[in-house]
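The next block holds one structure in the form of structure tokens; read it before the comments.
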Amino acid sequence: MAFDSGELVFNTLLLLFLVALAVRTLAWGLVRRLLASGWPTTQGGIEFGNVIPQRTRYKDLYKARLDYSSTVNSEYYAGCYEKLFVWETAADRFIESMKGQMVFIRYKAEKPERSAFIKEDQPSWPR
């Protein structure tokens, strides 16, 4: 099967885009985990979740967004966690499995409004 030059360019660009997206997503998660690894944890809860379509030129992706809240020193704080999915049904299932769950939130002791929701801290993380 032979590719014409236009098809080859398209496939190469698509592959580069997907690799860049994966590296960006994985790298940010790793940086976030490393920065927050020494932060204390507090218990919080998932307040809301929704799926946001992410339209790209070549492929539709679906961002699952979880909004969480927690209390530190009797002060209320909120944050969000986002995860990309290729299929909308997978994103919907993820949101439904997490809504209303109690979760552990890491927060920066000197600045508790800075928080991190790390999947490895969650006992109820969907497998």
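The values are calculated or read from the model by the stated rules, or taken from the named source; none is laboratory data. Just so we're clear, the structure is a prediction, and the values are computed from it rather than from any experiment. For neighbour counting, all protein chains shown are included, and Cβ atoms are generated from backbone atoms with ideal geometry for every residue, glycine included.
A few notes on this one:
- Listed conditions (1) among the acidic types (Asp, Glu); (2) loosely packed, with under 13 Cβ neighbours inside 10 Å; (3) modelled with pLDDT of 75 or more are all met by GLU47, apart from (2).
- Per this entry, ARG33 is not counted among residues that are among the charged types (D, E, K, R), without any contact (Cβ under 8 Å) to a residue 40 or more places away in the chain, surrounded by fewer than 17 Cβ atoms within 10 Å (Cβ to Cβ) and not in a strand (DSSP E or B).
- Filter result for ILE118 (modelled with pLDDT under 95, surrounded by 14 or more Cβ atoms within 10 Å (Cβ to Cβ) and of a type in the set (A, V, I, L, M)): yes
- Only residues that are closer than 13 Å to GLN122 by Cα and either surrounded by fewer than 17 Cβ atoms within 10 Å (Cβ to Cβ) or in contact (Cβ under 8 Å) with a residue 60 or more places away in the chain (or both) were counted in segment 76-98, giving 1.
- Residues within segment 51-66 that are under 22 Å from GLU113 (Cα atoms) and of a type outside the set (A, V, I, L, M), tallied: 1
- Qualifying residue in segment 68-86 (condition: part of a loop (DSSP other than H, G, I, E, B), at pLDDT 80 or above and over 30 Å from PRO112 (Cα atoms)): yes
- One residue alone among GLY100, GLY44, GLY38 is assigned to a strand (DSSP E or B), small (Gly, Ala, Ser) and over 29 Å from LEU14 (Cα atoms), and that residue is GLY44.
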